[in-house]
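Inspection log for the structure reproduced underneath, given as structure tokens.
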Amino acid sequence: APGSLFCVGSVNGAQLFADTPAQWDKLDVPLDLQSTSLLVHDAASKRLFAATLGAGLWTSTDADASWKRCGVDFAPGEIAALLVDPKDPVRLLAGTLEGLYTSSDNGTTWTPAAGGLPDVAIRCLAFSPGHPDTIYAGTDGGGLQVSVDAGTTWSRMKNGIMGDFVSDVSPNPADPSDVLVLVNKVGVFRT
């Protein structure tokens, strides 16, 4: 859509393009922050988040002109996944080596998630398309976890999935019941 921003993060920094992927621009993030994931909070407001390896979470509200630290007290060793709640855009979920954290104020304050989620690293997060109360969390040690109540309670989803280290989960936008799961050193599973 016109005015949309798209971001890609890597250990070498981050890049951004607007409207079309024909021209990528390197983001001017502070110092040498190493981005692991970036996303647009709201295309109209051009809010971006940079989740880093060891330097916390940063945000830009002016399309990369300036950056500031989110939640000064929020300093997990690595933020591997970051989501903005599609029903409540000030609510964020961050998957870290120390577990899942949530914020209900655009990242100013953070609390550890509870509700039966195991105390393991969270490697990936995904909302189910069309079902924003359903959240998938790929863990390192606890397999694929799912919440059907917007993250209040969690349970392990097995259904034939072997292995405990889920490195990616990808629900199909056209069919939310169709989910691809990548399990480290095991393979790809599909519901």
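What the table shows:
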| read-out | value |
| --- | --- |
| Chain lengthening between Thr191 and Asn159 when straightened (0.36 nm per residue, less Cα-Cα) | 10.7 nm |
| Mean Cα-pair separation over length for region 102-141, i.e. relative contact order, pairs under 8 Å, 6 or more apart, % | 31 percent |
| Under 5 Å, built H, 5+ apart or other chain: amide partners of Asp168 | Leu182 |
| R0 of 30 Å, Cβ-Cβ distance Thr152-Lys68: FRET efficiency to nearest 0.05 | 0.50 |
| Local net charge near Ser167, Cβ-Cβ under 10 Å (Lys/Arg +1, Asp/Glu -1) | 0 |
| Karplus-derived HN-Hα couplings along region 113-129 (A = 6.51, B = -1.76, C = 1.60, θ = phi - 60°), whole Hz, x at Gly and Pro | 6, 10, x, x, 6, x, 7, 9, 5, 9, 9, 7, 9, 7, 7, 7, x |
| Long-range HN-HN contacts of Ala121 with modeled amide H, under 5 Å | Asp140 |
| Karplus (6.51, -1.76, 1.60) ³J(HN,Hα), θ = phi - 60°, over region 170-185, in Hz, Gly and Pro reported as x | 9, x, 6, x, 7, 8, x, 7, 9, 10, 9, 10, 9, 9, 4, 6 |
| Calculated from backbone phi, Karplus (6.51, -1.76, 1.60) coupling profile of region 88-97 in Hz, x at Gly/Pro | 9, x, 8, 8, 10, 10, 10, x, 10, 5 |
| Compactness of region 94-144 - radius of gyration and Dmax, Cα, Å | 11.1, 29 |
| Segments 148-155, 173-180 sorted - mean Cβ within 10 Å per residue, highest first | 148-155, 173-180 |
| Per-pair calculated FRET efficiency, R0 = 22 Å: Val90 and Asp175 via Cβ, rounded to 0.05 | 0.15 |
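Computed from the coordinates by the stated procedures, all read-outs in this text should not be read as laboratory data. Since we're looking at a predicted model, the values are computed, not measured. No Cβ is skipped: glycine too gets one built from the backbone with ideal geometry, and neighbour counts run over all protein chains shown.
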